[in-house]
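Reading through the structure tokens given below for one structure.
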Amino acid sequence: MDEESCEGHLTLTRPYVDNHGAVKLADLLFGLRISDLSKVKEFVSYEDRNFYFKGVLPNQKNKQGNSTEDEFVLKILNHVDSQNISYVNAQNAVLLYLKEHGFVCPVPMRSLSDKLTMECELSSYGLSVSEGNAKIQKLPRRINAVRLLSYVPGKLLKDVRCTNDLLFNLGRYIAKMNKVLKNFQHAGLCDLVKQEWDLAQLNVLERYISVASQDISEFNLLQHVYKKFVNGVIPKLGDLDKHVIHGDLNDENVLVVPTQRGDSHEIAGILDFGETSDSYRVFEVAICMAYIIMRRVQQGDTHLEAIRAAGHVLRGYQSVYSLSHSELELLYLSVAARFLQTCVIGRYKQSLEPENLYLSQTCQLGLKILSSYNAFSAEETLNYWLST
């Protein structure tokens, strides 16, 4: 990936669309009639705009011939990802493929022109910095990809207690999904451009480490993790098989529902396939474990307790579709590298979009945990994950 492509993604800003504009887009492109405008709401998003609706699509009728109301999410992609329509189409194909195989996930609806992805020219806003002063400025209109997805009900994993049993079952669910995706192919996945979140392309972030570091200790920590991963993981990837993965299994992309007894929760589905790629299964597991560690700390665990708890995800995964010895050897550093990505990208993007508080939520926490995590040896940590 060249520097210009990376810069485009790191400096992108979300399209400017409010609730009213989203309702108009849903109507014009998909014919969606909103029943109650007061229930329209925007979901938090890192790079895109996502709006919740409840309404009726044309020709959407029940067996009695009556129009049926349903729930949807209008997803408006940022202008950089929107330039790669073949990759967006690949995401659509993954969602439909998983649905066919019994998995719960959002699926794209067809537009009035019978397309799953529409392209619209929309405005966006960016941050202009001059002589130390920052101000918001309107940017030129750009093309954005727009999709209407089915809404999947449930609670986000981040909103419930991440018990050890739930984490084990999460690992099993991810493994089952990966096993199904083993046979999935789509030419659009080969056109993936956005790689700042791809662990295999961590090198694109090296020059941003100094920008993201607030003091020398942060810089030394991030630089240490970066060098360990680039020298200890990247050279070994050529020995591993590639595989279609979700690529961003954080606790805001996993849905849960109460069990039948009502005293706990179970995995209900997976959201947001915007980072889907042909990559490595060890990264799928490492990414999920990194976010689980952060969530368990936020739920009251010490850093050590949270790091150990993430092992339940790994053991659940291993019980269904086990990683090889060669893959497991790369897991510890891959988890650390995900912490690095979260901190570096989050810090840099927040400097460009300071009003987007979502960007800064995990940066400071991630750095503190990474410091603790770095104090444990890879062998010690992996042995604990696999044995407890």
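Descriptive notes on the structure:
- For THR302, the conditions (1) open to solvent by 10 Å² or more (accessible area, probe 1.4 Å); (2) among the hydroxyl-bearing types (Ser, Thr, Tyr); (3) closer than 25 Å to LEU237 by Cβ all hold with the exception of (3).
- Exactly one residue out of LEU323, LEU352, LEU328 is surrounded by fewer than 24 Cβ atoms within 10 Å (Cβ to Cβ) and either in contact with a Lys or Arg (Cβ under 7 Å, 6 or more places away or on another chain) or among the acidic types (Asp, Glu) (or both): that is LEU323.
- Residue in the stretch 275-298 that is among the aromatic types (Phe, Trp, Tyr), closer than 16 Å to TYR384 by Cα and out of contact with any strand residue (DSSP E or B) (no Cβ under 7 Å at 6 or more places or on another chain) present: no
- Residue check, ALA336 under 19 Å from LEU221 (Cα atoms), of a type in the set (A, V, I, L, M), in a helix (DSSP H, G or I) and modelled with pLDDT of 95 or more: yes
- Residues that are part of a strand (DSSP E or B) and surrounded by 22 or more Cβ atoms within 10 Å (Cβ to Cβ), drawn from the stretch 236-254: VAL244, ILE245, VAL254
- Close pairs from the stretch 377-388: first of a type outside the set (Phe, Trp, Tyr), partner in a helix (DSSP H, G or I) and at pLDDT 95 or above, Cβ under 6 Å, at least 6 apart: ALA378/TYR332; THR381/TYR332; LEU382/TYR332; THR388/GLY311
- Among the residues of the stretch 26-36, those identified as in contact (Cβ under 8 Å) with a residue 60 or more places away in the chain and either open to solvent by less than 20 Å² (accessible area, probe 1.4 Å) or assigned to a loop (DSSP other than H, G, I, E, B) (or both) are ALA26, PHE30, GLY31, LEU32.
- Restricting the stretch 305-319 to residues that are open to solvent by less than 30 Å² (accessible area, probe 1.4 Å) and not small (Gly, Ala, Ser), the residue that is farthest from THR163 (Cα to Cα) is TYR317.
- When ILE287 is tested against (1) in contact with a Lys or Arg (Cβ under 9 Å, 6 or more places away or on another chain); (2) among the aliphatic types (A, V, I, L, M); (3) open to solvent by 10 Å² or more (accessible area, probe 1.4 Å), exactly one condition is not met: (3).
- Cβ-Cβ contacts under 7 Å between residues 6 or more apart (or on different chains), taken from a first residue in the stretch 283-296 that is assigned to a helix (DSSP H, G or I) to a second residue that is aromatic (Phe, Trp, Tyr) and at pLDDT 95 or above, are listed as VAL285/TYR317; ALA290/PHE339.
- Of the criteria (1) open to solvent by 10 Å² or more (accessible area, probe 1.4 Å); (2) modelled with pLDDT of 95 or more, which one LEU170 fails: (1)
The values are calculated or read from the model by the stated rules, or taken from the named source; none is laboratory data. None of the values given here were measured: they were computed from a predicted structure. With ideal geometry, Cβ positions are generated from the backbone for all residues, glycine too; neighbour counts draw on all protein chains shown. Heavy atoms of the whole protein, side chains included, go into the accessibility calculation; ligands, DNA and RNA do not. Shrake-Rupley method; radii C 1.70, N 1.55, O 1.52, S 1.80 Å.
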